[in-house]
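**Student:** My questions will all concern the structure given below.
The values are calculated or read from the model by the stated rules, or taken from the named source; none is laboratory data. Predicted model, so just to flag it, every value in this text is computed and none were measured. Glycine also receives a Cβ, built like all others from the backbone with ideal geometry; neighbour counts cover every protein chain displayed.
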């Protein structure tokens with residue numbers, strides 16, 4: 001739809017001395033009343049993303065550099081926005097639409113990536129707990145205390161359990177109590193199995209009891225939980241794949257039509273209604289993808 005075809009717009013655009021001042025006044029008052037709120041909102045959003053990335057980098061044992069995190073966010077947002085804008089030039093409307101869309105998506109990706117890496121590390125730690133607690137249980141049977149049994153795990157097994165247990169031992173060497181170091185471990189790896197281990201060690205150290213049998217009970221619980229998780233993953237795998245296919249089909253068809261018949265798909269990027277339909281399609285795709293993910297995600 002071309003708004004210059006409307007008689008009112010034609011008569012308005014004919015008189016530049018009216019249309020240009022009206023446009024300038026509209027822009028001025030929009031910026032005057034909304035600029036501060038928009039800038040504050042963007043700053044809070046970017047600061048929240050930056051803090052989330054830095055927190056997960058610290059939990060992953062990575063070197064935290066605020067400048068590097070800022071550069072990552074700028075490249076993933078404005079860099080991607082500029083890249084897609086330049087790719088479709090001289091089609092400026094399509095460039096703006098694609099640039100802004102992929103820029104917003106790129107801005108959301110770094111925190112999601114680092115959170116996924118952190119969740120993967122936590123899952124690997126829980127998987128290693130089966131062998132780690134078995135080693136600790138055997139060490140306690142031979143007369144070692146929990147710290148010595150934990151040191152044996154550090155020597156035998158790899159990361160992440162080796163690095164996390166080493167952090168616990170290091171904290172005790174710097175004067176922190178073993179109970180406090182274990183509590184910090186439960187904060188770094190916030191999983192029910194880890195919290196169960198920490199509570200069991202702390203309670204049995206005060207009240208007495210057979211730690212070796214407790215470790216065997218925890219190992220059995222972890223194994224049963226892993227069996228249930230694998231069963232649920234097998235049952236939801238089809239739904240996850242269907243969600244991926246349904247979400248990607250519109251973008252694949254758009255690419256195919258653009259290659260085979262560019263004139264047929266070009267109105268989607270060159271007309272007002274086409275851009276509105278693209279924006280609506282993206283919103284519906286995001287909503288549908290989030291809903292499918294919530295349906296197929298089952299926490300044990």
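**Student:** For residue 184, are the conditions met, namely being crowded, with 18+ Cβ neighbours inside 10 Å and at negative phi?
**Tutor:** no
**Student:** Given the criteria surrounded by 14 or more Cβ atoms within 10 Å (Cβ to Cβ) and closer than 30 Å to residue 280 by Cα, does residue 172 qualify?
**Tutor:** No, not satisfied.
**Student:** Suppose we filter 219, 246 for residues that are more than 19 Å from residue 132 (Cα to Cα), touching a residue at least 40 places away in the same chain (Cβ under 8 Å) and not in a loop (DSSP other than H, G, I, E, B); which single one remains?
**Tutor:** The unique qualifying residue is 246.
**Student:** Give me the helices (runs of 4 or more DSSP H) completely within the stretch 132-213, filtered to those with at least 2 residues that are at pLDDT below 85 and touching a helix residue (DSSP H, G or I) at 6+ places or on another chain (Cβ under 8 Å), ordered by residue number.
**Tutor:** In the stretch 132-213, 146-156, 178-188, 192-207 are the helices (runs of 4 or more DSSP H) which contain 2 or more residues that are at pLDDT below 85 and touching a helix residue (DSSP H, G or I) at 6+ places or on another chain (Cβ under 8 Å).
**Student:** Scanning for something surrounded by 16 or more Cβ atoms within 10 Å (Cβ to Cβ), under 30 Å from residue 273 (Cα atoms) and under 14 Å from the mean Cα position of the chain (by Cα), does the stretch 68-79 turn up at least one residue?
**Tutor:** Within the stretch 68-79, one or more residues are surrounded by 16 or more Cβ atoms within 10 Å (Cβ to Cβ), under 30 Å from residue 273 (Cα atoms) and under 14 Å from the mean Cα position of the chain (by Cα).
**Student:** Among the numbered criteria (1) loosely packed, with under 15 Cβ neighbours inside 10 Å; (2) under 19 Å from residue 53 (Cβ atoms), which one does residue 106 miss?
**Tutor:** The failed condition is (1).
**Student:** Residue under question is residue 32, and the condition is that it be farther than 30 Å from residue 121 by Cβ, more than 19 Å from the chain's Cα centre (by Cα), at pLDDT 75 or above and assigned to a helix (DSSP H, G or I); does it hold?
**Tutor:** no
**Student:** Same structure, new question: Looking at 260, 284, 253 in this structure, which one is free of Cβ contacts under 8 Å to residues at least 12 places away in the same chain, over 20 Å from the mean Cα position of the chain (by Cα), surrounded by 11 or more Cβ atoms within 10 Å (Cβ to Cβ) and more than 19 Å from residue 100 (Cβ to Cβ)?
**Tutor:** Step by step, each of 260, 284, 253 is checked, and only 253 is free of Cβ contacts under 8 Å to residues at least 12 places away in the same chain, over 20 Å from the mean Cα position of the chain (by Cα), surrounded by 11 or more Cβ atoms within 10 Å (Cβ to Cβ) and more than 19 Å from residue 100 (Cβ to Cβ).
**Student:** If you go through the stretch 287-299 one residue at a time, how many are surrounded by 13 or more Cβ atoms within 10 Å (Cβ to Cβ) and under 30 Å from residue 92 (Cβ atoms)?
**Tutor:** 2
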